[in-house]
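Where a number appears in this text, it was derived from the coordinates with a stated rule and is not lab data. The structure presented is a predicted model; accordingly, all values stated were derived computationally and were not measured. A quick note on method: Cβ atoms are made from the backbone with ideal geometry, for glycine too, and the neighbour counts reach across all protein chains shown.
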Ligand code: NAP
């Protein structure tokens, strides 16, 4: 048995993805949703479901879960966020291992798009958990990153700081905010889209809708675009491998 923990769980891609996979492959497993209002409830959840072997973790517990883990992968530690937990049990106890597969999904879906183009600099829109995973991957690939936030800070610029020069130097732009996600279809990050060119690659972590306003505006300027669906599938499959490793 597997499942997803988070505060408010509505429609879940993971539940559909894994339950379809179990049906297709004839696996006697199931994937359930576990909305919890406090991360401290994780211990009773794991005790109440002795067949539970793995969890996905979503908002707002990707960081809050870290103190409850016995082990954390190097990547999850560096990012500071965990979206996959492997539960290892023996007769009397259990151990929890935390991983981050968002970074695996982002890396593997991005690599084919940048294999023939040398993007040296990237703007990451947003500063949440997903933005940190994107930053980890890009930095590892040797791309210089700059966070863009609504608030000023030591490690970022704000949307009003964006100039033609900054947009033209940063040929890779990643939307790691929820702006434009269904049902908020008319929103997009407030960047100067008129400075985008065919040299840009604009990647939106959002997968619903398939083409957000951010991507439509970037496409209209000739930029290459990519949505978050492939990342989503890759991170789910990577979770499955971790749970069964
Ligand atoms: P989050 O923590 O809720 O938000 C990310 C950041 O977006 C915030 O830290 C904030 O940065 C900015 N933001 C939030 N509301 C905003 C607003 N109204 N206007 C402008 N900026 C706003 O979310 P997350 O978990 O990092 O996820 C971000 C997005 O990535 C979501 O849409 C999520 O669905 C998607 N995602 C996709 C995948 C995938 O596999 N495709 C995986 C993970 C996440 P500032 O406060 O610095 O402005």
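Descriptive notes on the structure:
- Potential lengthening between residue 40 and residue 88 on full extension [0.36 nm per residue; Cα-Cα distance subtracted]: 15.4 nm
- FRET efficiency estimate (nearest 0.05) - Cβ-Cβ, residue 11 to residue 169, R0 35 angstrom: 0.35
- Extended-chain gain in nm, criterion 0.36 nm per residue less alpha-carbon gap, residue 220 and residue 185: 10.9 nm
- Computed packing ranks the peptides 121-127, 188-194 as 121-127, 188-194, most packed first, by mean other Cβ atoms within 10 Å.
- Potential lengthening between residue 111 and residue 199 on full extension [0.36 nm per residue; Cα-Cα distance subtracted]: 30.0 nm
- Nearest-ten-degree value, helix 129-140 long axis tilted from longest Cα axis of the chain: 70 degrees
- Among 43, 149, 73, residue whose mean-square fluctuation peaks in a GNM of the chain (springs only between Cα atoms under 10 Å): 43
- Unit Cα scatterers, Debye sum, the chain: log10 I(q)/I(0) for q = 0.07, 0.09, 0.17 Å⁻¹: -0.25, -0.41, -1.26
- Shape parameters for the range 67-175, alpha-carbon atoms, Rg then Dmax in Å: 16.9, 62
- Shown here are the Rg and Dmax of the Cα trace of the range 1-87, at 13.0, 37 Å.
- The range 128-245, Cα convex hull volume normalised per residue, Å³: 122 Å³
- Span from the the range 207-245 Cα centroid across to the the range 105-178 one, whole angstrom: 15 Å
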